[in-house]
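Engineer: Quick one: structure below, then a few questions.
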Amino acid sequence: MNIKLHTPKSLKMGSGLSTLKQFLMSIVATSISIALTFGTAHVVDNYKKQKDKREMVMMLMYDMDQTMEAVNDCESEILAFYEAQVSLLANPDQFMAKQYDLYAHIPEFNYTQTTENIFKSSIETISTISNVLFVESVSEFYNLRQKFKSSVVDSMNENVEPCFDSYDKLANLNTVVTIISCRGSKLHLQKQYDMCKSLMHITDKDIEVFAQKRKALEKNYLNTEDVRKQQKDYINEMEEKKQRLDEAVVEGRKKMK
């Protein structure tokens, strides 16, 4: 038995219901297309925002990590200065001969403010990070860094300078106070640093990987042909200046005879 199925006349092309069906299918297709377009755009935009956020956070964490290294270096120099001071005070007969050896242990707190300036100068940075506690912790870290420089390093340098004139002045220099101040400031900086890592779920390994990538980029930049040419031109220029200086000295000495 052969059964033939016939399309109802109401759904055949040209009928009212057929036109309505096509219209509804067109609306559904358009809606899906719009949803896919805006949905994809949202995913891409969100991915970019997350990537930008990660890059900014890692840049800040790397800067703080470098700061902690500089703080540790300062602490080591202060302790070395203390040991040299004790040794020199115990041997006053060597004061005139070795007093300036202390200069080797005067701490230098070297860091750049580039990342800090970027962080503080743009409201978009704070918006991108979108973590108020992290932003506050980073700001506090930078405030503490400035205090460390002024109250520990700069203060010690000012107090040490007059001590090269006499044994008594060196004896009156209380380096222990500087050590205590350094330790206290270091602990506060470390606390803020650890808090920032915890808030953004950053590990020491993450910072290490970021540091390696950054150093590799810097190395590649320094190895470019243009940079090497600039360095070579600079060296040649300085050699020429040194030669002119030597020639001027020779000429001047001749006139003095």
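Engineer: Between their Cα atoms, which of 98/147; 191/215; 186/215; 98/242; 149/191; 120/205 are more than 22 Å away from each other? Please list the in-between numbers first.
Structural biologist: Values: 98/147 32 Å; 191/215 26 Å; 186/215 26 Å; 98/242 32 Å; 149/191 17 Å; 120/205 26 Å.
Result: 98/147; 191/215; 186/215; 98/242; 120/205 exceed 22 Å.
Engineer: Tell me, what is a quarter of the convex hull surface for the C-alpha atoms of segment 108-257, in nm² with one decimal?
Structural biologist: Values: hull surface 64.6 nm².
If I average the Cα hull's projected area over directions, I get 16.1 nm².
Engineer: Could you tell me which residue out of 96, 110, 141 lies farthest along the dipole of segment 96-171 toward its positive end? Charges go on the beta carbon: Lys and Arg +1, Asp and Glu -1, centred on the Cα centre.
Structural biologist: My answer, from the dipole projection, is 141.
Engineer: Can you work out the accessible area per residue across segment 148-257, with the rest of the protein chains kept in place, probe 1.4 Å, in square angstrom? All intermediate terms of the calculation are to be shown ahead of the outcome.
Structural biologist: Values: 8220 Å² over 110 residues.
Using a 1.4 Å probe on heavy atoms only, each residue of segment 148-257 averages 75 Å².
Engineer: For segment 73-143, just the Cα set please: Rg and Dmax, both in angstrom.
Structural biologist: Every Cα atom of segment 73-143 included, Rg and Dmax give 20.9, 63 Å.
Engineer: Suppose R0 equals 35 Å. What FRET efficiency, 1/(1 + (r/R0)^6) with r the Cβ-Cβ distance, do residue 253 and residue 87 give to the nearest 0.05?
Structural biologist: Values: r = 43 Å, r/R0 = 1.22.
Computed FRET efficiency for residue 253 and residue 87 comes out at 0.25.
Engineer: Can you figure out the FRET efficiency of residue 146 with residue 94, using R₀ = 35 Å and their beta-carbon distance, to the nearest 0.05?
Structural biologist: Working: r = 38 Å, r/R0 = 1.08.
Efficiency computed from Cβ-Cβ geometry: 0.40.
Engineer: Gap in Å between the Cα centre of segment 230-245 and the Cα centre of segment 100-165?
Structural biologist: The two parts, judged by their Cα centres, are 35 Å apart.
Engineer: Ignoring ligands, DNA and RNA, what percent of the accessible area of segment 96-215 is carbon or sulfur (1.4 Å)?
Structural biologist: Numbers: 3750 of 7110 Å².
Roughly 53 percent, rounded to a whole number.
Engineer: A further question follows. Mark the label point 7 Å from the Cα of residue 139 along Cα→Cβ and return the residues of segment 177-209 whose backbone N is within less than 15 Å of it.
Structural biologist: none
Engineer: In nm, to one decimal, how far is the modelled label at residue 230 from the one at residue 172, with both set 7 Å along Cα→Cβ?
Structural biologist: 4.9 nm
The values are calculated or read from the model by the stated rules, or taken from the named source; none is laboratory data. Every value quoted in this text rests on a predicted model; they were computed, and no experiment measured them. Because the Cβ atoms are built from the backbone with ideal geometry, glycine has one as well, and the counts that use them run over all protein chains shown. These area figures cover heavy atoms from the full protein model, side chains too; ligands, DNA and RNA do not enter into them. Shrake-Rupley method; radii C 1.70, N 1.55, O 1.52, S 1.80 Å.
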